[in-house]
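Each remark here refers to the structure printed beneath this line.
Values in this text are rule-based calculations from the coordinates and carry no lab data. The model shown is predicted, which means the values in this text are computed figures rather than measured ones. Because the Cβ atoms are built from the backbone with ideal geometry, glycine has one as well, and the counts that use them run over all protein chains shown.
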Amino acid sequence: MYVRAVLASTLFAVVGYAQPAFEWVSLSPATSPPALSEHLMVTDWFTVYLYGGVAGTANINQTWQFDGTNWTQLATSTSPPHRRRHAGAWDLARGRLVVFGGETNGGSALSDTWEFDGTNWYQMTPATVPPGRRDHCMAYDFASGLVIMFSGAGPSGVLLGDMWAWDGNDWFAFPSAGLPPSRWGSQMVWSQASGGVVMFGGSNNNPGASSPFGTNPASTPTSDTWLWTGLSWIPANVVSQTPSARFGATMAYDDARSRVLMFGGNDGANYLHETWEYDGATWTQIPASPLPVGRRESQMVYVFGLDRTFMFGGWRGSNLSDTWELKANALWQANQSAASIDLDGSASGSLIGPSRLRIIPGQSGTANLASSLFLPGWDLGFAPGPAVPLGGGAFVVPGGQLVNLDISTFSFINGGGLTNFLPVSPLALPFTASLPLIATAQLVVADPTQSLGFSLSGSAELTVADATYLENFDTTPLSPAFTYPLGWSPVFPTVSWLIWEGSTQTANTGPAGDHTSGVGRYLYAETSSNQLSAFSIDMGTHSLTALSNPTLDFWYQLSGVSVGTLHVEQYDGVNWNSLWSVTGDQGVPWLNARVPLTPMSGSAQLRFTYNSLGSNGDCAIDDVSIGN
């Protein structure tokens with residue numbers, strides 16, 4: 001018996017600092033507002049407040065509060081009249097929500113000003129009253145300490161080319177010269193990174209009278225970005241791409257990351273579901289996943305006190321009632337060695353992806369975890385598997401320390417925690433196992449600056465057992481084509497097994513990268529030119545005499561609309577017999593299979609056979625091993 005640690009050698013590490021990995025998470029609060037669109041949602045930096053909007057076919061005047069877990073309807077002693085398409089902003093200097101205008105159930109434009117202090121509503125009586133309007137935008141200007149309001153559609157449905165400011169007592173108008181083009185359905189938020197209020201998009205046509213409920217208004221969407229400096233409007237600095245033209249998008253400012261965030265909107269024909277961010281110079285589309293459905297007139301806020309971004313409702317042919325959170329989790333990028341792990345001196349090299357620890361009965365030793373990147377304030381630990389999602393999955397205590405170390409029946413003897421652990425030197429964790437098992441784990445870093453979760457810093461594929469064979473295809477040349485590892489050979493005449501890296505040659509089928517590291521090589525059956533065929537590849541004859549419980553272990557990926565059946569077959573001297581099979585689309589992730597083997601005169605001749613159903617049904621295999 002011996003201990004062998006195996007894994008690809010790709011380095012996993014950091015470029016500069018932690019980069020964000022975004023994901024939208026659908027929340028399930030116990031209580032929630034009704035399905036809404038054209039409502040208003042703001043934050044006082046600690047709590048989310050929602051007011052008004054259209055529910056069903058009528059406006060409401062309800063006030064709701066969200067604490068990050070549940071929505072609560074507030075019973076206020078007074079309340080503004082029912083409305084939709086209103087605008088507002090939280091006046092941070094005065095601790096009040098300021099609301100102006102909107103549209104009544106009858107389609108009339110409102111011109112009233114209301115304030116909310118977190119408990120009650122108060123109607124204000126300014127000496128100067130701006131024209132009534134709907135679909136305008138408002139924001140708090142940190143530079144001046146004023147709430148500003150821009151454009152929108154007036155009572156007759158004609159665009160208003162004006163700008164106003166509220167000082168807590170009265171409205172005053174700005175000169176019309178130098179204002180951006182008039183618009184409705186735009187959004188604006190304060191951006192510390194830009195040093196002013198950023199406004200994007202909207203529609204610059206006259207929308208006319210109120211559009212019937214349930215219809216998209218006629219629109220001419222725009223895609224311009226503007227900056228209010230506190231003194232004047234200027235076209236914002238945009239050095240590269242810009243989001244497509246749209247109205248009815250929702251925006252928020254992420255203070256922790258110094259980015260304007262934007263989601264959704266409508267381009268006049270389509271409900272958009274893109275997520276964008278703006279850093280003061282560049283708009284970047286965020287590959288957040290999974291995405292909420294496309295929508296317009298939803299509302300999104302970033303809550304500074306919680307370091308969390310929430311979105312509620314919107315319109316997509318009907319009102320929506322879903323609550324979402326956009327998480328920006330720290331994620332390391334590759335460039336230099338980050339961390340390593342070994343079991344009893346058998347090093348794995350740098351840590352790459354989700355790890356498997358294969359333990360045999362009675363195996364014991366020490367797992368040594370070391371790091372070259374962690375700075376004071378970062379904590380290191382093993383989390384239970386399968387791979388911990390970016391949104392969480394293990395318990396993180398305040399300060400960012402990951403404390404859950406148990407892995408199924410495999411456990412670290414000190415199984416307590418890594419509290420206050422600063423990995424200046426390798427961390428030794430004794431382990432023991434009483435049963436044979438495969439435990440999946442990964443090495444994670446808990447970042448105290450990212451309260452929404454922890455990141456995958458890397459991991460290692462470790463074999464703690466008497467493995468006799470391993471093939472991950474990473475050392476097999478890509479060319480010439482049809483080059484295979486030693487002992488592997490395709491069964492003619494169907495020569496369609498290829499060594500590959502990256503995405504396969506056919507869209508919407510096959511993996512995006514290999515299983516070992518994501519950037520290595522794998523074996524796959526290219527079905528584009530040989531559809532409806534059986535593809536077999538012989539992996540040779542392997543001795544099983546040293547194994548008490550011989551098992552074939554491998555990872556496979558079957559995705560696409562034309563996926564057929566993958567078989568593992570063993571030759572008995574006369575016939576090939578199927579030992580294991582799986583049929584149909586199994587999704588994007590790599591999946592693991594363990595197939596018991598029956599020795600034939602102390603050995604086993606094995607092959608993979610794949611029956612394709614069409615060109616969109618590639619089959620991929622990686623990390624093949626034989627052991628106990």
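If you take the square roots of the eigenvalues of the alpha-carbon gyration tensor of segment 43-178 and sort them as a ≥ b ≥ c, do you get rounded (a/c under 1.5), prolate (a/b over b/c) or oblate? Each step should come with its number before you reach the end.
Numbers: a/c = 1.86, a/b = 1.22, b/c = 1.52.
Oblate shape, in that a/c is at least 1.5 and b/c is the bigger or equal ratio.
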> Out of residues 5 or more away from Thr220 or on other chains, whose amide H comes under 5 Å of its own, with H placed 1.01 Å from N in the peptide plane?
Replying inline: Asn204, Asn205
> What list of ³J(HN,Hα) values in whole Hz, one per residue of segment 604-616 in order, does the Karplus curve 6.51 cos²θ - 1.76 cosθ + 1.60 (θ = phi - 60°) give from phi, with Gly and Pro shown as x?
Replying inline: 9, 9, 10, 8, 9, 10, 10, 9, 7, 10, x, 6, 9
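Rounded if a/c is under 1.5, else prolate if a/b beats b/c, else oblate: with a ≥ b ≥ c from the C-alpha gyration tensor eigenvalues square-rooted, which is segment 62-101?
Details: a/c = 1.64, a/b = 1.16, b/c = 1.42.
Oblate.
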> Residue by residue through segment 91-96, which ³J(HN,Hα) values in whole Hz follow from phi under the Karplus form 6.51 cos²θ - 1.76 cosθ + 1.60 (θ = phi - 60°), with glycine and proline marked x?
Replying inline: 7, 5, 5, 9, x, 9
> When the gyration tensor of segment 537-623 is built from Cα positions, what are the square roots of 5 times its three eigenvalues, in whole Å, from largest to smallest?
Replying inline: 26, 14, 9
>> Give me, ordered by chain and number, the residues 5 or more places off Thr323 or on other chains with an amide H under 5 Å from its own placed amide H.
In response: Leu27
>> Sort 312-325, 104-117 by the packing proxy (mean of other Cβ within 10 Å over each peptide's residues), most packed first.
In response: 312-325, 104-117
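Can you pull a Stokes-Einstein diffusion coefficient for segment 282-328 at 10 °C (1.306 mPa s), Rh from Kirkwood over Cα pairs, as a whole number of µm²/s? Don't jump to the answer; show the numbers that get you there.
Numbers: Rh = 11.9 Å.
Taking Rh from Cα pairs, D becomes 134 µm²/s.
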> When you take every Cα atom in segment 18-97, what is the radius of gyration, and what is Dmax, the widest Cα pair distance, in Å?
Replying inline: 14.3, 47
>> What number does segment 108-149 give for Rg over Rh if you use C-alpha atoms and the Kirkwood radius?
In response: 0.98
>> I need the peptides 68-74, 148-154 ranked by packing, meaning the mean over residues of other C-beta atoms within 10 angstrom, with the highest value on top.
In response: 148-154, 68-74
> If you plug each phi of segment 179-196 into the Karplus form 6.51 cos²θ - 1.76 cosθ + 1.60 with θ = phi - 60°, what whole-Hz ³J(HN,Hα) values come out, in order, with x for Gly and Pro?
Replying inline: 6, x, x, 4, 6, 10, x, 8, 9, 8, 9, 6, 10, 5, 5, 8, x, x
> Rounded if a/c is under 1.5, else prolate if a/b is larger than b/c, else oblate: which is segment 101-214, with a ≥ b ≥ c the root eigenvalues of its Cα gyration tensor?
Replying inline: oblate
>> Can you give me the long-range amide H partners of Asp141? Hydrogens built in the peptide plane at 1.01 Å from N, cutoff under 5 Å, separation of 5 or more residues or another chain.
In response: Leu146, Val147, Ile148
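How high is the relative contact order of segment 113-240, in percent, counting Cα pairs under 8 Å that sit 6 or more residues apart? Don't skip to the end; give the middle numbers.
On the way: 271 pairs, mean separation 24.8, N = 128.
Across segment 113-240, relative contact order equals 19 percent.
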